[in-house]
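Accompanying notes for the structure given below.
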Amino acid sequence: MSTKAKFQAIRGTRDLLPPETALWNRVEQTAHEVFATFGYGEIRPPIFENIEVFARSVGADSDIVSKEMYSLLDPPTWPEILEKLGNVEDYDRIEATFGIKQALTQSAWMAEIMALRPEATASVCRAYIEHNMQQLPQPVKLYYMGPMFRRERPQKGRYRQFYQIGAEILGGPDAPAIDAELIEMLMTFFDKCGLQGTELSINSIGHAADNCRRGYVAKLKAELEKVKDKLGADSQRRIETNPLRVLDSKLEHEQAIIEKLPRIADHLCDECKTHYAAVKRELELRGVIYRENWRLVRGLDYYMRTTFEITAQGLGSQNAVCGGGRYDGLVELLGGPPTKGIGFAIGEDRLILSLQDAKSQSPVTSHQSPSVYIAWMGERAYATALRAAKDLRKAGFVVELPPTELKFGKALERASKLGSRFALILGDNEVADGQWTLKTLADGSQQKLTEQALLEYLRKS
């Protein structure tokens, strides 16, 4: 028996492999194209930030920060320690005061605590402040895509390294038209992806600085205290940390209790009511179909007023593929100027699962240039095969060119295993006559074509 270690991907992570990655690439390319038409530019923030960025924005008491976030220490080097201590060169005195050199180097009091990003909105807001984007024409429209990290219990569509596609609008007014256009762009993207069974839910959770939100949360907490013994452990804890999150519970035995709780719509101030009504009117003007869900709250502390969620088919009870909302005041929490903000994040893993489950025949999932396997035989044919491969790839076709000569049967067998749609057969006769043989592997039919006719035929296929 071999004693060689068997390495595997860490629990909650996985390798994305071809041909599945082709679908991921096409989804992401669709996002690039759709978001650009709405005037968004791409931002690529770092994967890790100072932990305080998330503690301030997401909330130190939130599940994400307190339970799920991956944090790490970045201990300073020995020269950095000496510099912070005033360039002291008396090593003996330093070691007598602080302990041995290694312990000092690794001590937490000197270390910068960082965290792998659990979400990207806070990073985008930090970048907005750091790069003085408030000096640009407002609002600033940004989008991003990439991996996020949370220490959650892995399950279908939920991983510890997962992927998000998101967008943020920072600055400018909190005009309802901004909220509606963001949602319109999102629904346009899902439509272009061919995502089936989508349903948009919206709500308003009021303004944190106004009595409507504060008064509602106080009343909600009071009512929850009355039924606390009937709730699960998570909901009991959230009564103290964030009562709104209880409304988002999926536990079956809590549903009847939650249905009887006070509703935020009955406690909105006049300004928030007006804003919410205007958002709904703007969505209707854009032809965006929605339903209202009074229980829809976002899991992060910084959200206010407009909140929304999109669900899709094929994902079971955890069927949300996107969530977002307004977060005026988040930039201020991170030390920036008063700034309006709204955004969303798409769970790309779940989006891909839903597309795969539906076996959608949309452009995103079905469009692919015909793949061609070049079966060449003979030295003269090899030179022609090289030129053919170059020209076909330049025209956008997927081409497989074997590096060594194969017998005709082996070449076709290889082409079939690779899933090629066509086999381009090039031998001495084809090169001499200028008539190339193209074989359709699905039905075995073949035809003779000139080089130019071949390109035209493949473009139409």
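The values are calculated or read from the model by the stated rules, or taken from the named source; none is laboratory data. Please read all numbers here as calculations on a predicted model, not as lab measurements. We place every Cβ from the backbone using ideal geometry, glycine too, and count neighbours over all the protein chains shown.
Within the stretch 130-158, if we keep just the residues that are among the charged types (D, E, K, R), within 22 Å of the chain's Cα centre (by Cα) and outside any strand (DSSP E or B), the residue that is farthest from Met69 (Cα to Cα) turns out to be Lys156. Of all the criteria given as (1) modelled with pLDDT under 90; (2) buried (at least 21 other Cβ atoms within 10 Å of the Cβ); (3) part of a loop (DSSP other than H, G, I, E, B), the one not satisfied by Thr339 is (1). Residues that are over 32 Å from the mean Cα position of the chain (by Cα) and surrounded by 12 or more Cβ atoms within 10 Å (Cβ to Cβ) within the stretch 232-263 comprise Ile257, Leu261, Pro262, listed in sequence order.
Inside the stretch 171-228, can you point out the residues that are in contact with a strand residue (DSSP E or B) (Cβ under 8 Å, 6 or more places away or on another chain) and among the hydroxyl-bearing types (Ser, Thr, Tyr)? Of everything in the stretch 171-228, those that are in contact with a strand residue (DSSP E or B) (Cβ under 8 Å, 6 or more places away or on another chain) and among the hydroxyl-bearing types (Ser, Thr, Tyr) turn out to be Thr198, Ser201, Ser204. Scanning the stretch 398-427 for residues that are loosely packed, with under 13 Cβ neighbours inside 10 Å and either in a helix (DSSP H, G or I) or at pLDDT 90 or above (or both) turns up Phe408, Gly409, Lys410, Glu413, Lys417.
Residue-level check: of (1) within 21 Å of Leu116 (Cβ to Cβ); (2) of a type in the set (Val, Ile, Thr); (3) at pLDDT below 90, Ile43 misses just (3).
Looking only at residues of the stretch 23-60 that are among the small types (Gly, Ala, Ser) and surrounded by fewer than 17 Cβ atoms within 10 Å (Cβ to Cβ), we find that the one that is nearest to Tyr303 (Cα to Cα) is Ala60.
Only one of the numbered conditions (1) buried (at least 17 other Cβ atoms within 10 Å of the Cβ); (2) modelled with pLDDT under 90 is violated by Glu348, and that is (2).
Cβ-Cβ contacts under 8 Å between residues 6 or more apart (or on different chains), taken from a first residue in the stretch 379-396 that is on the phi > 0 side of the Ramachandran plot and assigned by TED's automatic domain parsing to the domain that holds Phe422 to a second residue that is assigned to a helix (DSSP H, G or I) and not small (Gly, Ala, Ser), are absent.
A residue that is part of a helix (DSSP H, G or I), within 30 Å of Tyr159 (Cβ to Cβ), among the acidic types (Asp, Glu) and modelled with pLDDT of 65 or more can be found somewhere in the stretch 61-80. Identify, please: which residue in the stretch 355-381 is crowded, with 16+ Cβ neighbours inside 10 Å and closer than 14 Å to Glu20 by Cβ and is, among those, modelled with the highest pLDDT? Among residues in the stretch 355-381 that are crowded, with 16+ Cβ neighbours inside 10 Å and closer than 14 Å to Glu20 by Cβ, the one modelled with the highest pLDDT is Leu355. With a requirement of 3 or more residues that are in the same structural domain as Gly329 (by TED's automatic domain parsing) and modelled with pLDDT of 80 or more, the helices (runs of 4 or more DSSP H) lying completely within the stretch 189-301 that satisfy it span 270-285.
Of all residues in the stretch 321-358, those being closer than 19 Å to Glu28 by Cβ and aliphatic (A, V, I, L, M) number 8. Does Cys125 satisfy being surrounded by 21 or more Cβ atoms within 10 Å (Cβ to Cβ), modelled with pLDDT of 90 or more, of a type outside the set (Ser, Thr, Tyr) and within 26 Å of Arg14 (Cα to Cα)? Answer is no for this residue.
Checking each residue of the stretch 86-102 against the condition of being under 21 Å from Ile346 (Cα atoms), in contact with a Phe, Trp or Tyr (Cβ under 7 Å, 6 or more places away or on another chain), modelled with pLDDT under 90 and surrounded by fewer than 16 Cβ atoms within 10 Å (Cβ to Cβ) gives no match.
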